[in-house]
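Following: one structure in structure tokens, then a few remarks.
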Amino acid sequence: MTGPLKGIRIVEFAGLGPGPFAGMMLADHGAEVIRIDRPGAALDPRDPLSRNRTSIVLDMKNPEALKVARELCKSADGIIEGYRPGVMERLGLGPDVLLADNPKLVYGRMTGWGQFGPYAQAAGHDINYIALSGVLHTVGRAGEKPVPPVNYVGDFGGGGMMLAFGMASALLHAAKTGEGQVIDCAMTDGSAVLAAMTWGFFGAGRLKDEPGVNMLDTGAHFYDTYTCSDGKFISIGSIEPQFYALLREKTGLDKDPAFDAQMDPSQWGPLKDKLATLFATKTRDEWCAIMEMTDICFAPVLSLAEAPQHPHNVKRETFLTVGGVVQPAPAPRYSATVNDAPRAAPTCGADADALLAGLGYDAAGIAALRDSGAVG
């Protein structure tokens, strides 16, 4: 792989969701990411989270497999694991062991609640982690229950991407100092950080502690989605006065003095009703013809099937076809290095022989590992 992380080797103990996302991010940007998969596991070539990997299948209940895993970690710059606290220690692959083997190792730990705290050993999912951090409370319409933003905020924004950032930061530190370390990446912590601006507004008294009544949470008429006459949707984000003035001009509302009260929350409800009535008079395409690519701060709300076909996304190659299906392309982009086009996820264990040979095993040794069941 090419990219700014070329030459970095990461060992990923295969898991679900945020751990693989972090591995995808690192692999997309040039790192060699080796997945240790479990016996019986299967990788889907259509899955973006598993792309750009090499794979070896190890039965972690077998002492010989644990020896191979430890050797792989000795050869690595970093590892990623997403087990509950204590699991890696019970396997004999905890930070004390692996950092003693490889003092420069960056040991990335991905959990929902973190390595310590009252909830640390409890099961959970994205919805729970962002509930505890206060984030879920902020997402929803006035007078309604909170709405989970899929699992973007906990698993991927506050989890996988935060771990990828932490890995890159700690790898830079290790390159400068020779000192490895452990990263305790918790989705509760990460999701709280994603809400930093909200916490700032709340602390300054500029935000009410309830959803759907503030400027950016659908409370304001100028920052929301609206239904068009064809049942499709558009998004409006006309916050700044000049953008709001252009919205009024393009919609003919500049002649309605009621819309002068842009920043009066007491008027947001009635003004939203007026906008809803207006936007329901035309199709989404008709509104695009009027407002798209202007300073209104407008965009059509596109479906998953539609987004890859939009001219802006086509021009920027925001989406690519990998493994026979459309996937998001690696992001961000660089001026000096170019990321390779993503490779589809491998077959589980496809790279075992090459990886074992790289660790010094000869053909007889590899055959012995397979005969013992340590390597799938």
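The values are calculated or read from the model by the stated rules, or taken from the named source; none is laboratory data. The structure presented is a predicted model; accordingly, all values stated were derived computationally and were not measured. Because the Cβ atoms are built from the backbone with ideal geometry, glycine has one as well, and the counts that use them run over all protein chains shown. When the accessible area is computed, the model is the full protein with side chains, heavy atoms only, and any ligands, DNA or RNA have been set aside. Shrake-Rupley method; radii C 1.70, N 1.55, O 1.52, S 1.80 Å.
Normalising the average separation of contacting C-alpha pairs (under 8 angstrom, six or more residues apart) by the number of residues puts the relative contact order of the chain at 22 percent.
Take the Cα of E286, go 7 Å toward its beta carbon, and the backbone nitrogen atoms of the range 227-252 under 20 Å from that spot belong to 227-236, 247-252. Considering helices alone, the calculated mean residue ellipticity of the chain at 222 nm is -10000 deg cm²/dmol, with DSSP H runs of length four and up weighted by -39500 (n - 2.57) and normalised per residue. Note on the range 270-376: Kirkwood hydrodynamic radius from all Cα pairs is 19.3 Å, rounded to one decimal.
Kirkwood radius and radius of gyration were both taken over the C-alpha atoms of the range 89-175, and their ratio Rg/Rh is 1.09. Of all aspartates and glutamates in the structure, those lying under 18 Å Cα to Cα from K61, and not within fewer than 8 positions of it along the same chain, are E12, D37, E71, E81, E89, D371. Here the range 20-165 was treated as a single set of alpha-carbon atoms; its pair distances binned every 5 Å from 0 give 2, 8, 15, 19, 19, 16, 10, 5, 3, 2, 1, 0 percent. Shape class of the range 287-348 from the alpha-carbon gyration tensor: oblate, with a/c at 1.5 or above and b/c at least as large as a/b. In this simple spin-label model, placing a label point 7 Å from the Cα along the Cα-to-Cβ direction at both S75 and T277 gives a separation of 7.1 nm. Each Cα pair under 8 Å and six or more residues apart adds its sequence gap; the mean of these over the residue count of the range 207-286 is a relative contact order of 35 percent.
Which net charge results for the neighbourhood of Q115, defined as the other residues with beta-carbon distances under 10 angstrom from its beta-carbon, given Lys and Arg at +1 and Asp and Glu at -1? Spell out each step's value before the answer.
Numbers: positive: R84, R109; negative: D184.
Residues near Q115 contribute +1 overall.
Think of the range 188-335 as a dipole: +1 on every Lys or Arg Cβ, -1 on every Asp or Glu Cβ, centred on the Cα centre; then among L275, A204, S335, S335 lies furthest on the positive end. Here the Kirkwood formula puts the hydrodynamic radius of the range 214-276 at 11.9 Å, using every distinct Cα pair. Magnitude of the charge dipole for the range 222-376, about its Cα centre and with charges confined to Cβ atoms of Lys, Arg (+1) and Asp, Glu (-1), is about 160 debye.
Using Stokes-Einstein with the Kirkwood hydrodynamic radius over Cα pairs, what translational diffusion coefficient do you get for the chain at 4 °C and a viscosity of 1.567 mPa s, in µm²/s rounded to a whole number?
55 µm²/s
Normalised Debye scattering of the range 181-236 at q = 0.13, 0.14, 0.19, 0.28 Å⁻¹ gives log10 I(q)/I(0) of -0.53, -0.58, -0.80, -1.08, counting only Cα atoms as equal scatterers and leaving out solvent.
In Å², and per residue, what accessible area does the range 336-376 have when probed at 1.4 Å with the other protein chains present?
Details: 2100 Å² over 41 residues.
Per-residue value: 51 Å².
Taking the 1.4 Å solvent-accessible surface of the chain as the whole, the part contributed by carbon and sulfur is 59%. Comparing V375, A195, Q262 along the charge dipole axis of the chain, the residue lying farthest to the positive side is V375, per the Cβ-charge model. Normalised by residue count, the range 27-106 yields a Cα convex hull volume of 104 Å³ per residue. Rg and Dmax of the range 1-66, both derived from C-alpha coordinates alone, stand at 12.1, 36 Å.
Beta-bridge orientation, the chain: approximately 35 percent antiparallel, per DSSP, counting only bridges with both partners inside.
Sorting E32, E12 on solvent-accessible area from highest to lowest, probe radius 1.4 Å, gives E32, E12.
Round to the nearest 0.05 the FRET efficiency obtained for A307 and R46 when R0 = 25 Å and r is the Cβ-Cβ distance. Before the final figure, lay out each step's value.
Working: r = 17 Å, r/R0 = 0.68.
That pair, A307 with R46, gives E of 0.90.
Which three numbers, in whole Å and largest first, are the semi-axes of the equivalent ellipsoid of the range 108-224 derived from its Cα gyration tensor as √(5λ)? Please report the intermediate quantities before stating the final value.
Values: eigenvalues 190, 55, 26 Å².
Calculated on Cα positions only, the semi-axes equal 31, 17, 11 Å.
Work out the length of the dipole vector of the range 16-62 about its Cα centre, built from +1 on the beta-carbon of each Lys and Arg and -1 on the beta-carbon of each Asp and Glu, and round it to the nearest 20 debye. Please list the in-between numbers first.
Values: 6 positive and 6 negative charges, 17 e Å.
Value, rounded to 20: 80 debye.
The range 114-187 and the range 323-376 have their alpha-carbon centroids 27 Å apart.
Placing +1 on the Cβ of every Lys and Arg and -1 on the Cβ of every Asp and Glu, with nothing else charged, gives the chain a dipole about its Cα centre of roughly 240 debye. Rounded to 0.05, the FRET efficiency of the A196 and E64 pair, given R0 = 56 Å and the Cβ-Cβ distance, is 0.75. Taking a virtual spin label 7 Å from the Cα of A357 along the C-beta vector, which residues in the range 52-66 bring their backbone nitrogen under 17 Å of it? Of the residues in the range 52-66, 54-57 have backbone N under 17 Å from the label point off A357.
Between Q115 and D254, the FRET efficiency estimated from the beta carbon spacing at R0 = 45 angstrom works out to 0.20.
Hey, what did the range 84-230 get for relative contact order, percent, Cα under 8 Å, at least 6 apart? Mind dumping the intermediate values first?
Values: 217 pairs, mean separation 44.7, N = 147.
So the answer I get is 30 percent.
Overall size of the range 325-367 from C-alpha positions, given as principal axis extents largest first: 45, 28, 10 Å.
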